[in-house]
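Novice: Take this structure first; my questions come after.
The values are calculated or read from the model by the stated rules, or taken from the named source; none is laboratory data. Bear in mind that the values here come from a model prediction, so they are computed numbers and not experimental data. Backbone-built Cβ (ideal geometry, glycine too); neighbour counts: all protein chains shown. Accessible surface areas use protein heavy atoms only, side chains included; no ligands, DNA or RNA. Shrake-Rupley method; radii C 1.70, N 1.55, O 1.52, S 1.80 Å.
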Amino acid sequence: GGMFANPERGFFSSFPGPTYTGFALHQTWRDRDIRTLAGLEEIRAKGQSTVSLDYNLKEFRNQKLSKAELDLIENNFQLIRKAGLKCIIRFAYSESIGEPDAPLNIVLMHIGQLKPILQANYDIIAVMQAGFIGAWGEWHSSTNGLDNVSDRRKILFAELDALPKVRMVQLRTPHFKEEIFGRTTPISRSEAFNESKFSRVGEHNDCFLANWNDYGTYADTAAQKEFISQDCKYVPMGGETCHLSEYCECGNAIGQMEKLHWSLLNSGWNPAVYKQWEAEGCLDQVRKRLGYRLELISGTFDDSLSQGDSFGYSIRLTNVGFAALYNPRDVEIILQSESNNDRYVAALPTDPRFWQPGDTIDVSGQIGIPSSVPAGKYSVYLNLPDPTPLLHYRPYYSVRLANRGVWEDSTGYNNLGFKLNVYSGQASQVSKSKLVFRKLIVPTMNTQKKNDQ
């Protein structure tokens, strides 16, 4: 398969689009209001699934956020939801070194005010960047002296508490994470996704490939890259390139993205780096491999069964991306009747966040076929939908396998190219499988109020 958008990964756009007149000048800091759906739909059409939203709260440095500001943020979320995108979100008070940020009590008050909006819209937040402190919210040059471990910890912990436990916050450097938690050992597999604060903190590097230490991103480059290469198996790595250098050549760039498990990269900056990748011939590889990229290797299935039997399935996949999924995701097998298009679903007991790059993944088991599944012929699909209720049935938010000819646009299902025959059986037969197919009832859009506004 080729290039396509998948949720929570890939190149992302700053909204409403960066016009760079100098080093890292974000147009978005000055124009925070999305206003129209059209711009977001263009991003979608470009093959991107994610936008970064940077809010400059400078007029609120010494006061509460206004109702108008909170409404603006809520409205932007609703437009992102309508467009079928997710966002990377960051708040700051300053857009240059020397420009003031806000004192700690104000920052914590603002995070408290934002909490209800973040909770209500977490489903369309891919990840939050720590922000708030210093120039561009990049955690340096704080005019209020927030550049210290204690204040940074308070702000990070307040953000983690403002988000549901299934969402993460990215810090600007690995040093900040090591310092705040007082440890240099990365997340272990057994700690991954256990909802502790340590397991919910990822990285964003906004000067990727600029020089040996990425302009101060690393205090100890070799050791901290080792830390990230383990830690970011289970938390998201993202950011942007900032300066064309010898480190940007394709071989090194791909090698670093593999090692550090890159999921998200700003398509707007730095254009010179992307021009070089295009010239050297690796830009498409980056596009395809950012984040996860799942390929179906094989599937074996029971093909003739009676009602009451167990359907045995064994699906083999591989992840050829740079990273794994970092937010929760469902894995379902769906049967679709050839006679009337009725569907039956079983949610599999597997966590795809553990499907690591380079792994061969085996998903197998048994699913009972109850008498409520009528006799007939069924097509078999693999569905990887968003687990949250408002996005679960929206195809844009489902994961597409990289194989050609399996994706079904209208449903977001992956067709496994297999037919199952179900025969009328004796009701006395009882499958020993705890997992059984149940009829799939897709809620109509008017029960999903948020998509209708």
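Novice: Quick check on segment 122-140. Is at least one of its residues open to solvent by 10 Å² or more (accessible area, probe 1.4 Å) and β-branched (Val, Ile, Thr)?
Specialist: Checking segment 122-140: not a single residue is open to solvent by 10 Å² or more (accessible area, probe 1.4 Å) and β-branched (Val, Ile, Thr).
Novice: Another question about this same structure. Of the residues that make up segment 386-398, is at least one in contact with a strand residue (DSSP E or B) (Cβ under 6 Å, 6 or more places away or on another chain), touching a residue at least 40 places away in the same chain (Cβ under 8 Å) and among the small types (Gly, Ala, Ser)?
Specialist: Checked segment 386-398: no residue is in contact with a strand residue (DSSP E or B) (Cβ under 6 Å, 6 or more places away or on another chain), touching a residue at least 40 places away in the same chain (Cβ under 8 Å) and among the small types (Gly, Ala, Ser).
Novice: OK, next. Taking Ala253 as meeting all but one of (1) farther than 30 Å from Lys377 by Cβ; (2) small (Gly, Ala, Ser); (3) open to solvent by 10 Å² or more (accessible area, probe 1.4 Å), write down the number of the exception.
Specialist: Evaluating Ala253 over (1) farther than 30 Å from Lys377 by Cβ; (2) small (Gly, Ala, Ser); (3) open to solvent by 10 Å² or more (accessible area, probe 1.4 Å) leaves (3) as the failure.
Novice: Residues to consider are Leu305, Leu317; find the one that is over 30 Å from Leu260 (Cα atoms), in contact (Cβ under 8 Å) with a residue 60 or more places away in the chain and of a type outside the set (S, T, N, Q).
Specialist: Going through Leu305, Leu317 in turn, the sole match is Leu305.
Novice: Next question, about the same structure. Evaluate segment 330-340: report whether one residue or more is closer than 30 Å to Leu163 by Cα, among the hydrophobic types (A, V, I, L, M, F, W, C) and assigned to a loop (DSSP other than H, G, I, E, B).
Specialist: Yes - at least one qualifying residue is present in segment 330-340.
Novice: Also, quick follow-up: Would you pick out the residues in segment 280-325 that are at positive phi and modelled with pLDDT under 95?
Specialist: Correct list: Gly308 only.
Novice: With respect to Gly239, determine if the residue is surrounded by fewer than 18 Cβ atoms within 10 Å (Cβ to Cβ), outside any loop (DSSP other than H, G, I, E, B) and at pLDDT 95 or above.
Specialist: In short, no.
Novice: Would you call Gln230 under 19 Å from Pro352 (Cα atoms), of a type outside the set (Ser, Thr, Tyr) and assigned to a helix (DSSP H, G or I)?
Specialist: Against the criterion (under 19 Å from Pro352 (Cα atoms), of a type outside the set (Ser, Thr, Tyr) and assigned to a helix (DSSP H, G or I)), Gln230 qualifies.
Novice: Need pairs with beta-carbon distance below 7 Å; first residue aliphatic (A, V, I, L, M) and assigned to a helix (DSSP H, G or I) and within segment 35-47, second modelled with pLDDT of 85 or more and open to solvent by 60 Å² or more (accessible area, probe 1.4 Å); sequence gap 6+ or separate chains.
Specialist: These pairs meet every condition: Leu37/Lys82.
Novice: Separate question: Which ones in segment 268-307 are in a loop (DSSP other than H, G, I, E, B) and surrounded by fewer than 19 Cβ atoms within 10 Å (Cβ to Cβ)?
Specialist: Within segment 268-307, Gly281, Cys282, Asp302, Asp303 qualify.
Novice: Also, I was wondering about something else. Quick one: would you say Asp214 is within 24 Å of Ala92 (Cα to Cα) and among the charged types (D, E, K, R)?
Specialist: Against the criterion (within 24 Å of Ala92 (Cα to Cα) and among the charged types (D, E, K, R)), Asp214 qualifies.
Novice: Residues in segment 355-362: is at least one small (Gly, Ala, Ser) and either open to solvent by less than 30 Å² (accessible area, probe 1.4 Å) or touching a Leu at 6+ places or on another chain (Cβ under 7 Å) (or both)?
Specialist: no
Novice: Taking segment 7-47, which residues are surrounded by 19 or more Cβ atoms within 10 Å (Cβ to Cβ) and at pLDDT 85 or above?
Specialist: Pro7, Glu8, Arg9, Gly10, Phe11, Phe12, Ser13, Leu40, Ile43, listed by residue number.
Novice: Tell me which residues, restricted to segment 68-112, are small (Gly, Ala, Ser), surrounded by 24 or more Cβ atoms within 10 Å (Cβ to Cβ) and either out of contact with any helix residue (DSSP H, G or I) (no Cβ under 9 Å at 6 or more places or on another chain) or touching a residue at least 60 places away in the same chain (Cβ under 8 Å) (or both).
Specialist: Ala92
Novice: How about segment 177-191: which of its residues are open to solvent by less than 70 Å² (accessible area, probe 1.4 Å) and within 21 Å of the chain's Cα centre (by Cα)?
Specialist: Within segment 177-191, Lys177, Pro186, Ile187, Ser188, Glu191 qualify.
Novice: Would it be correct to say that Ser314 is open to solvent by less than 50 Å² (accessible area, probe 1.4 Å) and part of a strand (DSSP E or B)?
Specialist: When the stated conditions are applied, Ser314 passes them.
Novice: Please enumerate the residues belonging to segment 153-167 that are in a loop (DSSP other than H, G, I, E, B), of a type in the set (A, V, I, L, M, F, W, C) and open to solvent by 10 Å² or more (accessible area, probe 1.4 Å).
Specialist: Val166
Novice: Filtering segment 364-419 down to residues that are of a type in the set (Asp, Glu) and in a loop (DSSP other than H, G, I, E, B), which residue is most open to solvent (accessible area, probe 1.4 Å)?
Specialist: Asp409
Novice: Of all residues in segment 172-229 being in contact with a helix residue (DSSP H, G or I) (Cβ under 6 Å, 6 or more places away or on another chain) and among the hydroxyl-bearing types (Ser, Thr, Tyr), which is farthest from Ser150 (Cα to Cα)?
Specialist: Ser229
Novice: OK, next. May I ask you to list pairs of residues, at least six apart or on different chains, whose Cβ atoms are under 6 Å apart, with the first in segment 131-159 being within 12 Å of Leu108 (Cβ to Cβ) and the second being open to solvent by 50 Å² or more (accessible area, probe 1.4 Å)?
Specialist: Ala158/Leu108
Novice: Can you confirm whether segment 259-266 contains a residue that is out of contact with any Lys or Arg (no Cβ under 8 Å at 6 or more places or on another chain) and within 19 Å of Tyr218 (Cα to Cα)?
Specialist: Looking for residues that are out of contact with any Lys or Arg (no Cβ under 8 Å at 6 or more places or on another chain) and within 19 Å of Tyr218 (Cα to Cα), one finds at least one in segment 259-266, hence yes.
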